[in-house]
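K.L.:
Mind looking over this structure? Questions follow.
Every read-out reported here was derived from the displayed coordinates using simple, explicitly stated rules and does not represent laboratory data. In this text the structure is predicted, and so the values were computed from the model without any measurement. Virtual Cβ from ideal backbone geometry, glycine too; neighbours counted across all protein chains shown.
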Amino acid sequence: MGGAGPAGVVLMDLPARAGTPAPAAAGPALPAVPRRKLLLFRAAGEWFAVALDRVREVCPRSSITRVPRAPAQVLGVMNLRGRAVVLVDLPRCLSLPAGGADADHVILFDLGDPDLAVGVLADRIDQVVEVEVKGPAGSPDRGEGVEGPELVEAKGHVATLLDPTRVVAVALPGAASGGAGDAG
């Protein structure tokens, strides 16, 4: 009897010849390297990436209404199909120079709460890319004591990997975690 081999090659069992050593058993299969999909985009002159499972949708930017007494990190709200979307000033949340006045796109984050609609402006939506997951819990192995943003390289760009929950926590303390993650 035979079996299917790589790329459609049919393997056949041949009778062993006297004096021929038995073929060595194949070693254990190497585990597949886990990968994650990221949305690569440009905002305020910088490249960013966000896990695709944390993106609810990407939509065109419409007019933004300022909200009186809103935190400085909140640009305002935008109407999306009759629903108010809070737009967070990504550069200000990350202590970067201001930018994004000409942004044409909004990336709406999936924060695990269908009633919470928060997004950031993007100048350019590049593409969805796949990167290898390194280290525990999907974080690249950056070594002990490494501080600062996580960077990923994809399609010739070095991008800052965003955690939407942290970005929203800077702009709207308590909103992204429901106020439950204040300790630590």
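K.L.:
If Lys and Arg each add +1 and Asp and Glu each add -1, what is the summed charge of the other residues whose beta carbon sits under 13 Å from the beta carbon of ALA43?
P.N.:
Here the count lands on -2.
K.L.:
Could you work out the local net charge near ARG54, counting Lys and Arg as +1, Asp and Glu as -1, over the other residues with Cβ closer than 13 Å to its Cβ?
P.N.:
The answer is -1.
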